[in-house]
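Presented below is the structure to which this report refers.
The values are calculated or read from the model by the stated rules, or taken from the named source; none is laboratory data. None of these values were measured; they are calculated from a predicted model. Ideal geometry is used to build each Cβ from the backbone, glycine not excepted, and the neighbour counts take in all protein chains shown.
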Amino acid sequence: MNSQKGQALPLALVALAIGVLTIAPFLSHAGSSLIGSRIYQQSTSEQYSADAGVEYAIWHLQSGESEVPEGEELELPQFMLNSQSVNVTIDNQGEQIYKITSIATSDDGSSTTIEAYVSIILGFFDGGFTTFPGGLTLNQGEEYTGNIYAEGDVQLDQGATITGNVYAEGDVHLHQDATITGDVYAEGDVHLDQGAVINGDVCAGENVQLDQGAVINGNVYAVGDVQLDQGAVINGNVHAGGNVQLGQGATITGDYPLPYDGCPLFLFGSIDIQIWEISRQ
């Protein structure tokens, strides 16, 4: 019995030494893992927020909520997501190519940037379209079949007809008894003279004017005013950012005035993401 006294002490000292040698590196590794995990989580959260900024920009383009002229850049209002501030810009590169830059920044100053180049084909152009760089004028009685993208004004003289959809970077003006069979979007005004007809929805970046007896067989979305002169008719709802005025005998068969929340003509357009780059600082 006496000879066995104290034998446990060396074992205890060895165990203590091993514990000292292993616990410190273990704690250091655990601390590093926690820091790495926190950084990875923050990076992932920033990436999700920046990605949401790109989707937000695409929605602005598709819905018609924001117009970005070729060669110009638009900065969208900053928003907060996942406790990060998100800044988004849209740069119109031309040829329906847009560069979207979305930056999500955390409280500590770190940030993740996504740059995306997207090609957007407007919803009512699924069947293709013809571009008219200087705008388009149809003379009296002329007819055109096909979708039109005009980098300027579109003007139809008396009795002229477009069988298709029309997008104009300027105004759209239908003179007496002219007709457009499809949807119409104008970044400026849409004006129908006496007896003119549009058999589709109409979106205007400014005002919509219907002279005596003019007809729109669809919904109307206008950033500005909508005015109907004597006997004019809109067979649909009217969404207006300004005033809606009806002359004697004018008719709107749908609801009005409804708030303007953007043009829905583009909601079903196709999007081709050409480049998607992510960087972090």
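Give Tyr144, Tyr185 a once-over and let me know the one that is closer than 26 Å to Glu95 by Cβ and out of contact with any Cys (no Cβ under 6 Å at 6 or more places or on another chain).
Tyr144
For region 221-264, a residue qualifies if it is modelled with pLDDT of 95 or more, buried (at least 19 other Cβ atoms within 10 Å of the Cβ) and assigned to a loop (DSSP other than H, G, I, E, B), and the qualifying residues are Asp229, Ala232, Gly236, Ala250. For region 83-106, the tally of residues that are closer than 12 Å to Ser49 by Cα, surrounded by 15 or more Cβ atoms within 10 Å (Cβ to Cβ) and in contact (Cβ under 8 Å) with a residue 24 or more places away in the chain stands at 9. Among the residues of region 209-219, are any among the small types (Gly, Ala, Ser), touching a residue at least 12 places away in the same chain (Cβ under 8 Å), part of a strand (DSSP E or B) and closer than 24 Å to Gln158 by Cα? Taking every residue of region 209-219 in turn, none turns out to be among the small types (Gly, Ala, Ser), touching a residue at least 12 places away in the same chain (Cβ under 8 Å), part of a strand (DSSP E or B) and closer than 24 Å to Gln158 by Cα.
Does region 165-178 include one or more residues that are of a type in the set (Asp, Glu), closer than 18 Å to Phe132 by Cβ and free of Cβ contacts under 8 Å to residues at least 40 places away in the same chain? The answer is yes, given that some residue of region 165-178 is of a type in the set (Asp, Glu), closer than 18 Å to Phe132 by Cβ and free of Cβ contacts under 8 Å to residues at least 40 places away in the same chain.
Among the residues of region 108-153, those identified as more than 28 Å from the chain's Cα centre (by Cα), at pLDDT 90 or above and not in a strand (DSSP E or B) are Asn139, Gln140, Gly141, Glu142.
So that you can scan it fast, the table gives a plain yes or no per residue for (1) farther than 23 Å from Asn207 by Cα; (2) among the hydrophobic types (A, V, I, L, M, F, W, C):
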site: Ser102; (1), (2): yes, no
site: Ala116; (1), (2): yes, yes
site: Ile120; (1), (2): yes, yes
site: Leu138; (1), (2): no, yes
site: Ala150; (1), (2): no, yes
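Here region 154-169 is the region considered, the condition is being modelled with pLDDT of 95 or more and not aliphatic (A, V, I, L, M), and the residue that is surrounded by the most Cβ atoms within 10 Å (Cβ to Cβ) is Gln155. Entry remark, region 194-204: residues being buried (at least 21 other Cβ atoms within 10 Å of the Cβ) and out of contact with any Ser or Thr (no Cβ under 9 Å at 6 or more places or on another chain) number 4 in total.
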